[in-house]
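K.L.:
Supplied in C-alpha coordinates, the structure appears directly below.
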Amino acid sequence: MYGRYGTDTFTFFLLGLGLVLTFCGSLFFWPITLLGDAVYIYSIFRMFSKNIPARQREYYAFMRFWGPVKKWFALQKRRFAERKTYRYFKCPNCRQDLRAPKGRGKIEVTCQKCHKVFITKT
Ligand SMILES: [Zn+2]
(Lines give C-alpha, C1' and ligand atoms only; values in the text may rest on other atoms or scores of the structure.)
Protein backbone atom coordinates (compact mmCIF):
# COMPACT_ATOMS: atom_id res chain seq x y z
CA MET A 1 0.00 0.00 0.00
CA TYR A 2 3.03 2.33 -0.11
CA GLY A 3 2.13 5.46 -2.09
CA ARG A 4 -1.54 4.46 -2.25
CA TYR A 5 -4.38 6.55 -0.87
CA GLY A 6 -5.83 3.95 1.52
CA THR A 7 -9.14 4.38 3.33
CA ASP A 8 -11.05 7.35 4.68
CA THR A 9 -14.59 8.12 5.81
CA PHE A 10 -15.80 8.42 2.20
CA THR A 11 -14.49 4.91 1.42
CA PHE A 12 -16.37 3.45 4.39
CA PHE A 13 -19.49 5.38 3.35
CA LEU A 14 -19.19 3.94 -0.18
CA LEU A 15 -18.76 0.41 1.19
CA GLY A 16 -21.88 0.86 3.33
CA LEU A 17 -23.80 2.30 0.36
CA GLY A 18 -22.69 -0.67 -1.78
CA LEU A 19 -23.90 -3.06 0.91
CA VAL A 20 -27.31 -1.32 1.07
CA LEU A 21 -27.63 -1.26 -2.75
CA THR A 22 -26.70 -4.95 -3.03
CA PHE A 23 -29.20 -5.85 -0.31
CA CYS A 24 -31.98 -3.76 -1.92
CA GLY A 25 -31.15 -5.24 -5.34
CA SER A 26 -31.44 -8.79 -4.05
CA LEU A 27 -34.81 -7.96 -2.49
CA PHE A 28 -36.48 -5.76 -5.09
CA PHE A 29 -34.91 -5.31 -8.52
CA TRP A 30 -31.69 -7.08 -9.60
CA PRO A 31 -30.06 -4.24 -11.69
CA ILE A 32 -29.64 -2.30 -8.43
CA THR A 33 -27.00 -4.91 -7.44
CA LEU A 34 -24.96 -3.81 -10.50
CA LEU A 35 -25.04 -0.27 -9.14
CA GLY A 36 -23.83 -1.65 -5.79
CA ASP A 37 -21.00 -3.48 -7.57
CA ALA A 38 -20.02 -0.24 -9.35
CA VAL A 39 -19.87 1.52 -5.96
CA TYR A 40 -17.64 -1.30 -4.60
CA ILE A 41 -15.31 -1.01 -7.62
CA TYR A 42 -15.11 2.77 -7.17
CA SER A 43 -14.24 2.41 -3.47
CA ILE A 44 -11.52 -0.15 -4.27
CA PHE A 45 -10.21 2.18 -7.00
CA ARG A 46 -10.03 4.99 -4.41
CA MET A 47 -8.13 2.81 -1.93
CA PHE A 48 -5.46 1.79 -4.46
CA SER A 49 -5.24 5.14 -6.23
CA LYS A 50 -1.86 6.93 -6.34
CA ASN A 51 -3.47 10.29 -7.23
CA ILE A 52 -3.75 11.38 -3.61
CA PRO A 53 -4.68 15.09 -4.22
CA ALA A 54 -7.66 14.05 -6.38
CA ARG A 55 -8.85 11.56 -3.71
CA GLN A 56 -8.50 14.25 -1.03
CA ARG A 57 -10.61 16.65 -3.11
CA GLU A 58 -13.30 13.95 -3.35
CA TYR A 59 -13.05 13.43 0.40
CA TYR A 60 -13.44 17.15 1.17
CA ALA A 61 -16.40 17.42 -1.22
CA PHE A 62 -17.99 14.46 0.53
CA MET A 63 -17.35 15.94 3.98
CA ARG A 64 -19.10 19.19 3.00
CA PHE A 65 -22.23 17.05 2.64
CA TRP A 66 -21.53 14.49 5.38
CA GLY A 67 -20.38 16.91 8.11
CA PRO A 68 -23.82 18.53 8.63
CA VAL A 69 -25.54 15.10 8.43
CA LYS A 70 -23.20 13.69 11.09
CA LYS A 71 -23.68 16.82 13.22
CA TRP A 72 -27.48 16.48 13.00
CA PHE A 73 -27.38 12.84 14.14
CA ALA A 74 -25.05 13.75 17.03
CA LEU A 75 -27.52 16.47 18.10
CA GLN A 76 -30.45 14.01 17.98
CA LYS A 77 -28.47 11.53 20.09
CA ARG A 78 -27.66 14.24 22.65
CA ARG A 79 -31.29 15.45 22.70
CA PHE A 80 -32.47 11.91 23.38
CA ALA A 81 -29.90 11.37 26.15
CA GLU A 82 -30.85 14.68 27.84
CA ARG A 83 -34.60 14.45 27.22
CA LYS A 84 -35.44 14.27 30.95
CA THR A 85 -33.20 17.13 32.08
CA TYR A 86 -33.25 19.64 29.20
CA ARG A 87 -35.80 21.03 26.80
CA TYR A 88 -34.56 21.91 23.30
CA PHE A 89 -36.07 24.69 21.21
CA LYS A 90 -35.12 27.02 18.39
CA CYS A 91 -34.57 30.76 18.48
CA PRO A 92 -37.59 32.39 16.76
CA ASN A 93 -35.31 34.95 15.11
CA CYS A 94 -32.32 32.96 13.76
CA ARG A 95 -33.40 29.26 14.18
CA GLN A 96 -30.37 28.50 16.39
CA ASP A 97 -30.82 25.34 18.49
CA LEU A 98 -31.05 26.24 22.18
CA ARG A 99 -31.63 24.28 25.36
CA ALA A 100 -32.74 25.06 28.90
CA PRO A 101 -33.17 22.93 32.06
CA LYS A 102 -36.64 21.42 32.34
CA GLY A 103 -39.11 22.32 35.08
CA ARG A 104 -38.25 26.01 35.51
CA GLY A 105 -41.61 27.31 34.26
CA LYS A 106 -41.63 30.41 32.04
CA ILE A 107 -38.11 31.74 31.49
CA GLU A 108 -36.60 34.63 29.59
CA VAL A 109 -34.04 33.39 27.10
CA THR A 110 -31.34 35.43 25.38
CA CYS A 111 -30.07 33.82 22.16
CA GLN A 112 -26.27 33.53 22.21
CA LYS A 113 -26.07 33.96 18.44
CA CYS A 114 -28.35 36.93 17.65
CA HIS A 115 -29.00 38.25 21.21
CA LYS A 116 -32.78 38.18 20.69
CA VAL A 117 -34.65 38.02 24.02
CA PHE A 118 -37.83 35.93 24.18
CA ILE A 119 -39.92 34.06 26.73
CA THR A 120 -40.45 30.29 26.58
CA LYS A 121 -41.81 27.57 28.84
CA THR A 122 -39.54 24.74 30.02
ZN1 LIG B 1 -31.13 33.73 17.68
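The values are calculated or read from the model by the stated rules, or taken from the named source; none is laboratory data. Every value quoted in this text rests on a predicted model; they were computed, and no experiment measured them. Methodologically, a virtual Cβ is constructed for each residue, glycine included, from the backbone with ideal geometry; neighbour enumeration extends over all protein chains shown.
K.L.:
So how many residues does the range 44-59 have that are part of a loop (DSSP other than H, G, I, E, B) and among the hydroxyl-bearing types (Ser, Thr, Tyr)?
P.N.:
1
K.L.:
Only one residue in Ile32, Ile52, Ile41 is modelled with pLDDT of 95 or more, of a type in the set (Val, Ile, Thr) and not assigned by TED's automatic domain parsing to the domain that holds Thr122, so which one is that?
P.N.:
Exactly one of Ile32, Ile52, Ile41 is modelled with pLDDT of 95 or more, of a type in the set (Val, Ile, Thr) and not assigned by TED's automatic domain parsing to the domain that holds Thr122, namely Ile41.
K.L.:
Report, by residue number, each residue of the range 3-22 that is surrounded by fewer than 17 Cβ atoms within 10 Å (Cβ to Cβ) and of a type in the set (A, V, I, L, M).
P.N.:
Scanning the range 3-22 gives Leu15, Leu17, Leu19, Val20.
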